[in-house]
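Peer 1: The structure is given below, and queries will be raised subsequently.
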There are 2 protein chains.
Amino acid sequence: MGSWTRPSCKCCISKAVQPLVALELIEDINMETKRWLMTRLQAEKIVGGAELMVHPGEDDDGNMLLVSASQHVLLRAAEVVGLYKLYKDGSMIAFSYRDSRNFQNSDNINEFLTLAERQFIVLRTLENIKAVDEKYIPGYPTETLYPGEAIFNRLQKSKILHTFYPLHDEQILCKLGARWHSYRNLSLQPIDSIYSYFGGSVAMYFSFLEFFTCSLMPIAVFGTAVVLLSMDTIDKCILFSVFNMIWSTVVMELWKRHSSVLSYTWGTMQMNSQFEEPRVDYKGSMGINPITHRYQPYYPAWRRKLKIWCVSVPVLCLFLSFSLFGMYVFFRMEALVKTYYSENDGCWACALYLPSILHTLYVTGMNSLYKMVAEVLTEWENHRLESSYQNHLTIKVLVFRFVNCFAALFYISLYLQDLELLRKKLASLLVLTQIINQLIEALVPYLYKTIMRKGAGLKKTTMENTPDIDKIKLQGEMSSFPGMFDEYMELFVQFGYVSLFSCIYPLTAILIMVNNVTEIRMDAMKLCHLFRKPFISPAANIGVWQTAFEMIGFLSVISNCFLISISPQVEGYCAENNITPKNVLIWTVGIEHALLAIKIILAFAIPDVPQWVKLRIERVEYQSLQALKHKLAEANKDDSKEMVAKETLSDGTTGFNSTESSLYTSKKQLNLL
Amino acid sequence: MGSWTRPSCKCCISKAVQPLVALELIEDINMETKRWLMTRLQAEKIVGGAELMVHPGEDDDGNMLLVSASQHVLLRAAEVVGLYKLYKDGSMIAFSYRDSRNFQNSDNINEFLTLAERQFIVLRTLENIKAVDEKYIPGYPTETLYPGEAIFNRLQKSKILHTFYPLHDEQILCKLGARWHSYRNLSLQPIDSIYSYFGGSVAMYFSFLEFFTCSLMPIAVFGTAVVLLSMDTIDKCILFSVFNMIWSTVVMELWKRHSSVLSYTWGTMQMNSQFEEPRVDYKGSMGINPITHRYQPYYPAWRRKLKIWCVSVPVLCLFLSFSLFGMYVFFRMEALVKTYYSENDGCWACALYLPSILHTLYVTGMNSLYKMVAEVLTEWENHRLESSYQNHLTIKVLVFRFVNCFAALFYISLYLQDLELLRKKLASLLVLTQIINQLIEALVPYLYKTIMRKGAGLKKTTMENTPDIDKIKLQGEMSSFPGMFDEYMELFVQFGYVSLFSCIYPLTAILIMVNNVTEIRMDAMKLCHLFRKPFISPAANIGVWQTAFEMIGFLSVISNCFLISISPQVEGYCAENNITPKNVLIWTVGIEHALLAIKIILAFAIPDVPQWVKLRIERVEYQSLQALKHKLAEANKDDSKEMVAKETLSDGTTGFNSTESSLYTSKKQLNLL
């Protein structure tokens, strides 16, 4: 490549350093820019660098950069990021670099920080590189930089950085796969290994999937018993429904406890991500940020709120009304077709399916259209943090999908009050899901093997020469991980079927359980082999989904009470015992309110965090308070004696020692925290 | 008093020191004990003392001790207690003694710390005096002490300390009274002055009382208009009710915002009282506390929970059933008496009131009995902290009182469905409250004046000789402040009348407003002149009452929807338009659920903390994080350079500097906090 000196690359000396993240620049990258970027990545912290290790990939003029980090950089960044780690006394405390030898396992970096954590740390370090005195990106004079702007965001925005992704570790992945998505293995998933390889929110999802599937067991047994032993009497049905309603609350509360244990042992529970970097697409007029007092893009919160309440919510309502109108048209069309069919019978049998097909197409179209609109809207709302963006997008799409999935069922149950139709619809939906899932499931391994064979063919020829860089390029060619939304949505709909219409179709739970056993393996397979490895930030819980599932729990009380009150069995019973419909309704409403109250009390009575976790956290808090008190007392001992002597009691002008010593600043910080 | 040397009493030298707290020991106090107590109060921190100033009152062998504290002791304790104060840049941050000159007003202790705060600090300091090497209380060999036991708690338990109370400041009190409870003054209350004189929870109560009264304005205007302009039509009534239901949520949310502003400016919002001292009556077998790892009385949380759920809740239910049974008997008796009266008319007119009188007596009796039982139960539940004890007691009594107050009204409305009777009952309850309140209100100043005259007569003769100690003794003779429970309960019942039955009797709000204008002045008068000054801990909000008021808001939706659906106007309308009762009920339930949903959404949509407060808090958090990062970077600069040189890249055994310097410990603490 000629004139420029190749930056010293530490990883060339030692072969053992594992590249953590790959950066793919644009194809025709200006070499001045690449050189500048590598310098900035490798420079020391004091001059604004990231102190990372960079390898320019295949050769110097390629568009690939492999990034890794030395042990001390990783550990120091772990402190800045605020990771919690296991201390020698068995409690989880925020990692401190100075004190690192007192943390368990801290001498072996590959065990101490998981692969996902190391990659996350590198990501954060990259995001934190700020422009120092560059006025523009070297090599691209049109791409201006303001002082303190995050370089990495800027490179992405100006499309100079094509993409970047964490790298797989074939060896670990292979071992993990055997224990995780192999069909020979029927034990529980290796959640902790998933956490260390993929990171917080992925492990959280799989743990939730497993927990949810297991928790369906009692409902499945009860439901199957109701059907098989044909205990289809009114009292059994009511018993089953009430059990189901209480169950949904208990399960979500137990999950909260379980997830808090997980996040405590992972050290993600107490992490504070408040001062995250803004998202890449965060815009704002340059102004004084009221929190940091820095001159940077700033967007006031009230304008975001205005946008949400005055535009996003009305747009959601508009789309909902389209969707409901579509449903109305569908039911009308179906009725029309049926009458037409019964009048001129025989000839147009397939036309019977036309409304259903049209409606399905319409709903699918609306779903994708709305998802695009929601993405544009949430982008336009201009959230500062990635997490806040994700939450708002999730809520928007979630509400719409929920209505699309359940509107027809609610229409059948509440308006038509046709329980037989509801039962048929539910059964067809569940069986359809099953079949589609099994199909996809058969397809995925097939596709995977095809790709593998291609890859293997490609690989075999080049294996000896440049094996690593080729594997990495293969990874780059995979599509990027689309996020957990669709997986959670699937669970959410399942939970809706189980909870909302349990009394109508008690077999739901067992069908879903069977489905989920394969679902776990399929999702795992996809994540391991079909997508690029994602950057996953540490997660302390399942976020908005917890609320969404709890909401379903409350809705289920309303729907189940209503469905039971209009069931033919209850109507028969009332006719026998001379109970007027009005009284039935009063009873229904009374029981509904009582059940809601019980659910709320249960949710309060079951603590969200198990006692032992609470005790450990309080113990650490207590210790730190004691340490602080001790330190203050030590610091004050000398000068307080001095002061007592000096003090004149009521003049109020006691001279305070005001030397700006480092101890003084330290104490101020201690108080602020 | 003879042989023992009088401890040096700094306040005798300087007359300007104001005594803050009075301790009253038992009459025949052993002089050895008194001497020991005074020594411990005055001794330096290093030898386990409190560094307070003590004056032995009238003369050495009296049973009175006056306690005060010097400026530096107050300021240092303010740091330990964790008070938040106004910093020079206008934000509220945790007070730091070392940094005190950068806090606004810190040169004048009487302005910097309010009277209530100073007294609270002295209380905390007293409670924190621990036994060092005493095996028993000197002078009382039977009263053993364990090492580290809080002496003050022990003295109270063994009844050696008769009582202790903070002292009034006549001058400030006089000024405060003129601006507060004088009838000539119609402006708003001087809440900040109340806060500085009485302290957090008192000021919070009066602020809430005022806020609640003001917020009744729209309801009062609307309600009066409905009655006066006889817009008693169905649509107006429904409109009024819906407005009322939304109003109750908005008011409680606005109050949350208002109270968070108050607590932010008072510096109580972010105070952490987690490591409070245990209550005086906290019992437990000696064991290792899992949090502090100290050998001290410890009572496991699960046993407390077991007691609550297995005894306290069933006892509450038992009492509730007694109460409901009493109500049932009352209604039966009333019906009997009425039939009897109509059969043999005229002769026993006054017997008509007999059931009411008996029932009132029964309810009053049950109320006091249950309060006693609740106190015993809560005591027996053995709560570690005073705040937790108070909360549990409040919830218990609150639920019982609520049922007692509203059961009859619910019976009339839900079961009898007799709206005319309900209206009469409500009117009589409200008017009765008015009359009783006005009576008491006339009585209170009268009583106060009588006491004053007596006191003045007594005072005049001794004014010249020992004015201060006499005034203090007079304060000690007053009854102690009974707490806010009854005051809040009164507001709670008012809120219930306004919210739950608004559609029946729209005049409720205006009657309550008139009542509260006098109520404020009466409560203020009582607090200033009838009771001993209470120790008030800093309060960030109104605690469980917030939840209780919000619950009423939700109940109000249920009751109002039901009441409207059974009103004769609606029935008439339905009869005209041929709507079946079943459909009316379905509509009612639908609207009820929609209103509940709107209330929940409103409660989420209105932020609990105003934006400016949130920004300021985040600004301080950001600053402290930056300070921490800066400090860490400074500390690491030297040794990181060293390390880069030393580091061998992949062996993973980089030597960490592990000198146990003070900086090292300080950094560990920084992370723990």
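Peer 1: Could you tell me how many of the residues in segment A:37-55 are in a loop (DSSP other than H, G, I, E, B) and surrounded by fewer than 19 Cβ atoms within 10 Å (Cβ to Cβ)?
Peer 2: Total satisfying the criteria: 4.
Peer 1: So which residues in segment B:554-608 are assigned to a loop (DSSP other than H, G, I, E, B) and either acidic (Asp, Glu) or touching a helix residue (DSSP H, G or I) at 6+ places or on another chain (Cβ under 9 Å) (or both), if there are any at all?
Peer 2: If the condition is that a residue be assigned to a loop (DSSP other than H, G, I, E, B) and either acidic (Asp, Glu) or touching a helix residue (DSSP H, G or I) at 6+ places or on another chain (Cβ under 9 Å) (or both), then B:Ile566, B:Ser567, B:Ile579, B:Thr580, B:Ile606, B:Pro607, B:Asp608 are the ones that fit.
Peer 1: Follow-up. Please indicate, with yes or no, whether at least one residue in segment B:514-528 is under 13 Å from B:Met245 (Cα atoms), away from every other protein chain (no Cβ under 14 Å), in contact with a Gly (Cβ under 9 Å, 6 or more places away or on another chain) and buried (at least 20 other Cβ atoms within 10 Å of the Cβ).
Peer 2: Among the residues of segment B:514-528, not one is under 13 Å from B:Met245 (Cα atoms), away from every other protein chain (no Cβ under 14 Å), in contact with a Gly (Cβ under 9 Å, 6 or more places away or on another chain) and buried (at least 20 other Cβ atoms within 10 Å of the Cβ), which makes the answer no.
Peer 1: For the list (1) closer than 30 Å to A:Val403 by Cα; (2) modelled with pLDDT of 85 or more; (3) within 14 Å of another protein chain (Cβ to nearest Cβ), I need the number of the one condition that A:Ile542 fails.
Peer 2: (3)
Peer 1: Please determine whether any residue of segment B:236-246 is more than 21 Å from B:Leu419 (Cβ to Cβ) and surrounded by fewer than 22 Cβ atoms within 10 Å (Cβ to Cβ).
Peer 2: Among the residues of segment B:236-246, at least one is more than 21 Å from B:Leu419 (Cβ to Cβ) and surrounded by fewer than 22 Cβ atoms within 10 Å (Cβ to Cβ), which makes the answer yes.
Peer 1: Is it the case, given these coordinates, that A:Thr249 is in contact with a Lys or Arg (Cβ under 8 Å, 6 or more places away or on another chain) and part of a helix (DSSP H, G or I)?
Peer 2: Judged against the criteria, A:Thr249 is a match.
Peer 1: Here is a further query. Tally the residues that are surrounded by fewer than 13 Cβ atoms within 10 Å (Cβ to Cβ) and among the polar types (S, T, N, Q), restricting the search to segment A:293-346.
Peer 2: The qualifying residues number 4.
Peer 1: So, one more: Looking at segment A:56-157, what strands (runs of 3 or more DSSP E) fall wholly within it and have at least 3 residues that are farther than 30 Å from A:Arg619 by Cα and without any contact (Cβ under 8 Å) to a residue 40 or more places away in the chain?
Peer 2: The qualifying strands (runs of 3 or more DSSP E) are A:140-144.
Peer 1: Does segment A:79-87 include one or more residues that are hydroxyl-bearing (Ser, Thr, Tyr), more than 10 Å from chain B (Cβ to nearest Cβ), over 17 Å from A:Ile109 (Cβ atoms) and more than 27 Å from the chain's Cα centre (by Cα)?
Peer 2: no
Peer 1: Looking only at residues that are in contact with a strand residue (DSSP E or B) (Cβ under 7 Å, 6 or more places away or on another chain) and more than 15 Å from B:Thr33 (Cβ to Cβ) in segment B:143-163, which one is modelled with the lowest pLDDT?
Peer 2: That would be B:Gly148.
Peer 1: From the residues in segment B:198-208 that are assigned to a helix (DSSP H, G or I) and either within 13 Å of B:Phe535 (Cβ to Cβ) or modelled with pLDDT under 85 (or both), which one is nearest to the chain's Cα centre (by Cα)?
Peer 2: Among those that are assigned to a helix (DSSP H, G or I) and either within 13 Å of B:Phe535 (Cβ to Cβ) or modelled with pLDDT under 85 (or both), it is B:Ser201.
Peer 1: Which of the residues that make up segment B:388-427 are part of a helix (DSSP H, G or I) and either on the phi > 0 side of the Ramachandran plot or touching an Asp or Glu at 6+ places or on another chain (Cβ under 7 Å) (or both)?
Peer 2: B:His392, B:Leu393, B:Ile412
The values are calculated or read from the model by the stated rules, or taken from the named source; none is laboratory data. The model shown is predicted, which means the values in this text are computed figures rather than measured ones. Cβ sites come from the backbone with ideal geometry, for glycine too, and all protein chains shown count toward neighbours.
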